[in-house]
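Visitor: After the structure tokens below, expect a handful of questions from me.
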Amino acid sequence: MQRFLNGVFLLFLLGVGALLAWLGARLALLGGSLWYLPSGVVVITTAVLGWRKSRISIWLYWTFLALTLLWALWEVGLDGWALAPRLAMLTCIGLYMLTPYYRRHVGLGEPLPGARILWPGLALLLVGGVGLAFWADRAPAARGDARGPAPATAADGDWIAYGNDRGGSRYSPLAQITPANVGNLRPAWIYHTGKIGDGKSKATFQVNPIKIGDRLYLCAGNNDVIAVDPETGRELWRHNPKTDLHGVFGLSCRGVTYYRVPQASGLCAERIYTATLDARLIALDAATGRRCASFGQDGQVDLTLGLGRVDKGYYFVTSPPALVRGRLVVGGWVTDGQKIREPSGVIRAFDAVTGQFSWAFDIGRPEKHDLPSPGSTFTPGTPNSWAPMSSDEGLGLVYVPTGNATPDYFGGHRSALDDRYSSSVVALDAETGSVRWSFQTTHHDLLDYDVASQPSLVDLPEGVRGLLQPTKRGEIFFLDRVTGKPLRPVMERPVPQGAVPGERLARTQPYAVGFPSVGGPRPTERSMWGLTPIDQAMCRIRFKAARFDGDMTPLSTGRDTLTWPGYLGGIDWGGVSVDPRRGLMIVNNNQVANYNRLITRAEADRRGIRPMNAAHMSDVGGPAAQQGVPYAALITPFLSPLAIPCQQPPYGRINAVDLRTGKLVWSHRFGTSRDSGPLALPTFIPIPMGTPNIGGSVATAGGLTFIGATQEHAFRAYDTETGRILWKARLPAGGNASPSTYWSAQSARQFVVIAAGGHAAMLSGSSDQLIAYALPKR
């Protein structure tokens with residue numbers, strides 16, 4: 001047995017050495033670190049000496065290991081995550097060489113001094129390290145049951161819109177749940193939406209439920225609209241709009257909209273609106289779930305009107321309509337990167353009572369706000385708005401976050417108007433649809449940095465009426481929502497150049513120097529990561545082989561480009577939450593790059609890359625056909641061969657920023673490795689490493705911030721002022737949605753509710769559960 005183990009060990013050692021030497025030579029030729037090549041040579045030599053049963057193999061290897069430790073400390077210092085791939089596997093190899101098995105093999109029969117305590121000590125160190133890591137993400141026990149006050153008014157206990165208010169602050173004045181009693185939160189009820197879809201499309205459950213009076217309203221991924229009892233979770237009614245899901249790659253509905261018709265009574269005096277995956281706007285009676293027949297045609301409006309031909313899967317709506325001055329304002333999702341002249345990104349408003357068309361903002365003809373004349377359409381291929389919008393009733397403005405003109409990764413064909421309004425926040429007059437102001441977050445965007453986050457409106461002392469616009473770039477712009485002028489400094493800085501033929505590049509881009517950027521640290525060769533020196537060397541080779549001149553490095557042909565931040569952000573559709581009482585903005589962000597390249601049309605044709613159709617739709621990423629322009633694009637996350645990000649952890653953080661000073665108040669790794677790991681397999685070890693995340697937070701007057709969002713199947717409560725984890729609950733899947741909180745008068749309790757539906761692209765599982773938490777009944 002001993003001979004067999006040593007033989008396997010030495011073969012393994014020979015293979016590791018050969019791989020390290022080969023990878024090290026490639027890396028050295030690219031101008032990267034010179035350490036891996038001699039490392040491979042030393043490991044090969046150690047294996048050869050081991051086959052010859054030479055005791056020198058031990059001394060050679062441990063001398064090399066000591067030098068490797070010094071090199072690792074020189075490269076990255078005392079960062080545990082950075083040291084792990086450089087030392088962990090090599091140290092395990094060295095420890096085996098100290099065992100009696102190997103020592104006898106090389107003629108060292110006497111046990112190593114202290115060997116009797118070495119292995120128990122290492123085992124204790126390992127168990128202690130895992131325990132310490134678990135403790136670092138463990139919420140403290142509850143300290144008492146003293147409860148904060150009930151809401152001052154009934155309205156304070158409701159959650160009336162996506163993000164709670166029409167301005168998307170994601171803040172609640174409720175304060176019954178506090179840092180002192182949050183540890184007592186328990187599941188109060190669970191509602192199952194049931195199986196949705198036809199099994200061919202990936203179902204998601206990302207709703208931010210709204211609560212008005214004695215009902216909680218939500219939508220499932222297939223656009224079923226549901227009302228439940230907020231105290232018990234009992235279903236009160238369910239409306240199936242019979243949505244045609246053919247050609248839709250992801251079944252997602254992030255919210256519904258509530259409206260009370262002024263001076264009306266009876267059926268449909270209070271309404272719930274939903275926009276669907278087959279492009280309809282539907283009005284329902286809030287009490288019964290029945291269609292409001294007087295709205296549009298039999299309770300619905302066709303959103304394909306004026307768009308011309310719409311291929312299945314190329315236009316649908318996932319966000320709730322914005323409501324302002326009696327009008328419903330809707331944008332739409334336009335499928336990324338497939339071809340020019342995809343459906344128009346037009347923004348439209350409809351009368352909330354009758355469903356009649358009010359106005360349009362068509363970027364191709366911004367001065368005209370009517371429907372196209374017979375035989376014509378809204379301008380195809382213009383920037384769209386798929387994220388939730390915000391509105392200010394008093395100012396009569398709706399704030400529209402925009403995306404790109406299609407396709408995403410080449411813009412030589414784009415018009416001046418496309419370039420003016422893409423990747424921006426645009427303030428539109430609620431009465432007419434005319435532009436009051438616009439602010440562009442990325443000029444001539446070629447990296448899929450569409451504005452995915454809802455603008456958050458916030459009022460600060462001294463009459464400041466602000467708007468926070470988070471972006472995928474990690475820049476957060478703080479604007480005056482009346483004028484669009486920056487309230488905190490914005491600076492134009494030069495960015496890398498070098499466009500492909502036919503393209504043009506912006507020479508500068510805006511940077512929010514008044515707020516910290518949350519795109520993550522700039523990637524370097526030293527920050528490349530892996531579980532072992534082998535996959536770390538592979539990531540270093542990929543980094544050195546790619547073009548990377550910093551953020552906004554343009555894509556090219558023949559060579560991959562590192563895009564940082566990647567298309568996930570920065571900040572995606574989860575947005576930010578604002579605690580106006582404490583003057584804090586809570587931001588969860590991603591720190592993962594992409595590895596992208598343009599390919600010529602001829603190469604794309606040889607590879608068979610074609611625009612997607614209803615029979616073959618997929619999520620963003622992968623080959624982008626970009627038909628109609630000279631180049632297709634290959635879009636992938638920057639991963640190692642073990643399917644983990646090549647960048648060093650953390651991959652996600654949660655942060656608090658002081659709105660008055662612009663300073664970072666606290667920042668922590670967000671999420672553990674419990675449900676993620678190499679080859680997309682869970683580790684089951686809750687080591688705080690910071691994971692990719694999608695979803696939003698909610699801040700409360702009680703001093704708490706609630707958030708799911710991570711790959712980990714967990715729901716957390718943080719102390720808003722300090723960032724300490726105070727409570728954590730296990731979910732059936734990732735809570736990749738934005739939670740809501742509300743008051744139930746029936747039991748005089750504050751509830752917190754989250755859709756624990758998971759997310760296919762995040763590999764965070766799948767579930768149909770809406771889970772409500774509350775303190776125990778008195």
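Visitor: What does the net charge come to around ALA269 if you take all other residues with beta carbon closer than 12 Å to its beta carbon, with K and R at +1 and D and E at -1? Please report the intermediate quantities before stating the final value.
Guide: Working: positive: ARG260, ARG271; negative: GLU270, ASP285.
Here the charged neighbours net out to 0.
Visitor: Amide H of GLY570 versus every other amide H placed in the peptide plane: which residues, excluding those fewer than 5 positions away on the same chain, fall under 5 Å?
Guide: For GLY570, whose amide H was placed from the backbone, the distant partners under 5 Å are ASN590, VAL592.
Visitor: Could I ask something else about it? Counting only protein chains, not ligands or nucleic acids, how are ASP145, ASP370, ASP450 ordered by accessible area (probe 1.4 Å), most first?
Guide: Details: ASP145 65, ASP370 85, ASP450 10 Å².
The residues order as ASP370, ASP145, ASP450, largest area first.
Visitor: So how far apart, in nm, are the two label points at ASP311 and ARG526 if each is 7 Å from Cα heading toward Cβ?
Guide: The two pseudo-label positions are separated by 4.8 nm.
Visitor: Report the Cys residues of the chain lacking a disulfide-compatible partner, meaning no second Cys Cβ under 4.7 Å from their Cβ.
Guide: CYS92
Visitor: Going by accessible area, probe 1.4 Å, with all protein chains left in place, what is the ranking of THR178, THR600, largest first?
Guide: On the way: THR178 25, THR600 60 Å².
So the residues, ranked largest to smallest area, are THR600, THR178.
Visitor: For the chain, what does the relative contact order come out to in percent, with C-alpha contacts under 8 Å and a separation of six or more?
Guide: Details: 2054 pairs, mean separation 97.7, N = 778.
Taking the mean separation of contacting Cα pairs over the length of the chain, I get 13 percent.
Visitor: Could you please state how large a percent of the accessible area of region 554-624 is carbon and sulfur, counting protein chains only and using a 1.4 Å probe? Kindly include the intermediate steps, with their values, before the conclusion.
Guide: Working: 1150 of 2430 Å².
Answer for region 554-624 is 47 percent, counting heavy atoms of protein chains only.
Visitor: Let me ask something additional. Under a point spin-label approximation (7 Å from Cα along Cα-to-Cβ), what is the CYS92-SER766 distance to one decimal in nm?
Guide: Here the modelled spin labels are 3.3 nm apart.
Visitor: Mind jotting down the distance between the C-alpha centroids of region 694-714 and region 218-244, whole Å?
Guide: Between the Cα centres of region 218-244 and region 694-714 lies a distance of 23 Å.
Visitor: Something else about it: Along Cα→Cβ, 7 Å out, is where each label goes; now give me the distance between the ones at ASN240 and THR600 in nm to one decimal.
Guide: Once both label points are built, they end up 5.3 nm from each other.
Visitor: Can you name the helices of the chain, as whole DSSP H runs, whose Cα span along the helix axis is 27 Å or more and whose Kyte-Doolittle mean is not below 1.0? Could you put the intermediate results ahead of the total?
Guide: Details: long enough: 2-29 (40 Å, 1.55); 56-76 (30 Å, 1.51); 115-136 (31 Å, 1.65).
Those that clear 27 Å and a mean of 1.0 are 2-29, 56-76, 115-136.
Visitor: Using 1/(1 + (r/R0)^6) with R0 = 51 angstrom and r between the beta carbons of LEU371 and LEU5, what's the FRET efficiency to the nearest 0.05?
Guide: Numbers: r = 78 Å, r/R0 = 1.54.
With a Förster radius of 51 Å, E is 0.05.
Visitor: Between beta-carbons, use under 13 Å as the cut-off and find the net charge around ARG234, counting Lys and Arg +1, Asp and Glu -1.
Guide: Numbers: positive: ARG215, ARG238; negative: ASP214, ASP229, GLU231, GLU235.
So the surrounding residues net to -2.
Visitor: Enumerate the aspartates and glutamates that LYS211 could reach by cross-link, defined here as Cα to Cα under 12 Å, with residues fewer than 8 away along the same chain left out.
Guide: Correct list for LYS211: ASP156, ASP158, ASP165, ASP229, GLU231.
Visitor: With a 1.4 Å probe and all protein chains in place, put ARG55, ARG325 in order of accessible area, largest first.
Guide: On the way: ARG55 115, ARG325 90 Å².
The ranking, largest first, comes out as ARG55, ARG325.
Visitor: Kindly identify region 198-350 as rounded, prolate or oblate by the Cα gyration tensor criterion: order the square roots of the eigenvalues as a ≥ b ≥ c, call it rounded if a/c is under 1.5, otherwise compare a/b with b/c, prolate if a/b is larger, else oblate. Each step should come with its number before you reach the end.
Guide: Values: a/c = 2.14, a/b = 1.42, b/c = 1.51.
Verdict is oblate for region 198-350.
Visitor: Once the Cβ-Cβ distance between GLN297 and ALA28 is put in as r, and R0 is 60 Å, what FRET efficiency do you end up with, to the nearest 0.05? Don't skip to the answer; put the middle values down first.
Guide: Numbers: r = 69 Å, r/R0 = 1.16.
Step by step, r from the Cβ atoms, then E = 0.30.
Visitor: Shifting gears a bit: What does the accessible area of ASP480 come to, in Å² to the nearest 10, when a probe of 1.4 Å is used?
Guide: 40 Å²
Visitor: Another question, then. Using alpha-carbon positions, what is the distance between the centroids of region 5-30 and region 363-438, in Å?
Guide: 56 Å
Visitor: Quantify, in whole percent, the carbon and sulfur part of the accessible surface of region 643-718 (1.4 Å probe; protein heavy atoms only).
Guide: Numbers: 1220 of 1950 Å².
In region 643-718, the share of accessible area belonging to carbon and sulfur is 63 percent.
Visitor: Roll a 1.4 Å probe over the protein heavy atoms and report the accessible area of TYR409 in Å², nearest 10.
Guide: That residue has around 20 Å² of solvent-accessible surface.
Visitor: Tell me, what is the per residue accessible area of the chain in Å², probe radius 1.4 Å? Can you show the working numbers first?
Guide: On the way: 29220 Å² over 778 residues.
For the chain, the per-residue accessible area is 38 Å².
Visitor: Add -39500 (n - 2.57) for each DSSP H run of 4 or more in the chain, then divide by its residues: what number comes out at 222 nm, to the nearest 500 deg cm²/dmol?
Guide: Details: 9 runs with 136 residues, N = 778.
Result for the chain, helices only: -5500 deg cm²/dmol.
Visitor: With only Lys, Arg, Asp and Glu charged, each at its Cβ (+1 for the first two, -1 for the last two), find how big the charge dipole of region 1-89 is about the Cα centre; round to the nearest 20 debye.
Guide: On the way: 6 positive and 2 negative charges, 90 e Å.
With Lys and Arg at +1 and Asp and Glu at -1, about 440 debye.
Visitor: Turning to a different aspect of this structure: Any idea what the dipole of the chain comes to, in debye rounded to 20, about its Cα centre with Lys/Arg Cβ at +1 and Asp/Glu Cβ at -1?
Guide: Numbers: 76 positive and 59 negative charges, 441 e Å.
I would put it at about 2120 debye.
Visitor: Over region 410-544, what percent of the accessible surface lies on carbon and sulfur atoms, probe 1.4 Å?
Guide: Details: 2590 of 4730 Å².
Its accessible area is 55 percent carbon and sulfur atoms.
The values are calculated or read from the model by the stated rules, or taken from the named source; none is laboratory data. Everything numeric here is computed off the predicted structure, so don't read it as measured data. Positions of Cβ are generated from backbone atoms using ideal geometry, with glycine treated the same way; all protein chains shown enter the neighbour counts. Note: areas computed on protein heavy atoms with side chains; ligands, DNA, RNA excluded. Shrake-Rupley method; radii C 1.70, N 1.55, O 1.52, S 1.80 Å.
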